1. Going by what's in this entry, would R35 be described as in contact with a Ser or Thr (Cβ under 7 Å, 6 or more places away or on another chain) and more than 10 Å from the ligand (Cβ to nearest atom)?
2. Does region 1-32 hold any residues that are more than 9 Å from the ligand (Cβ to nearest atom) and either in contact with a Leu (Cβ under 8 Å, 6 or more places away or on another chain) or assigned to a loop (DSSP other than H, G, I, E, B) (or both), and which are they?
Amino acid sequence: MAETSERHCPRCETTRAFVRIARTTMELGTKIKWRCPECGFSVVNIEPDRQSEATA
Ligand SMILES: [Zn+2]
């Protein structure tokens, strides 16, 4: 699993390779916290549980 993710940083006003600093599994999915290595801006992203997508 990737430890970094390319995201737009509103503080740097450009795309940065955000680093994953926290990961929490919840009922609705996985909560992942990303941090910009340049300015320290952090963002929380919730990824839906992929297992629930398996319908076939
Ligand atoms: Zn930044």
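1. Values: in contact with a Ser or Thr (Cβ under 7 Å, 6 or more places away or on another chain): yes; more than 10 Å from the ligand (Cβ to nearest atom): no.
No; evaluated as a whole, the condition is false for this residue.
2. M1, A2, E3, M26, E27, L28
Bear in mind that the values in this text are calculations on the coordinates, not laboratory data. Predicted model only: the values in this text are computed from it and were never measured. Cβ sites come from the backbone with ideal geometry, for glycine too, and all protein chains shown count toward neighbours.
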